[in-house]
Amino acid sequence: LVLSNTTALNLLLSKLLQECLERTNSSSASQESSASGSLAIIYVLLMLGLFGFFTVGVMVTNLRARRLEGPRDPYNTYIATDAWHKKDREYFQAKVLESYKLCCVLENQLAVEQPGRKIPEEKSS
């Protein structure tokens, strides 16, 4: 069987068309996966950027607040001096002495141990 030139040309063109369609289908699938991959990268970079922005904002705010306090702030001066520790210790010692002076011991004669007396035991029936 000898095929005519038109039939051979039709077969060749149909094979070329099928190969071209297979290439476009496979390339479109790879393009979709690469597009979704690039969107994922953009999302991750966006999240890192937002996190960095908020972190830098908190750091700058903290630095400005510390700079505004200043070393001559009375509260910082009060904390820097150790006098308040001494005052607290003296106050605590005075309270302990005061409570010790107010303390009295009452002895309950019935509750004191009496080794000479025996505790009556119940007889089991």
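The values are calculated or read from the model by the stated rules, or taken from the named source; none is laboratory data. Here the structure is a predicted model, which is why all the values come from computation and not from measurement. Every residue, glycine as well, gets a Cβ built from its backbone with ideal geometry; the counts of neighbours run over all protein chains shown. The accessibility values were calculated without ligands, DNA or RNA, using every heavy atom of the protein model including side chains. Shrake-Rupley method; radii C 1.70, N 1.55, O 1.52, S 1.80 Å.
Numerical summary
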| item | result |
| --- | --- |
| Accessible area of Ser14 in the full protein assembly, 1.4 Å probe (Å², nearest 10) | 50 |
| Pair Leu110, Val96: separation of 7 Å Cα→Cβ label points (nm) | 3.6 |
| Which of Glu19, Glu121 is most accessible, then next, and so on - probe 1.4 Å | Glu121, Glu19 |
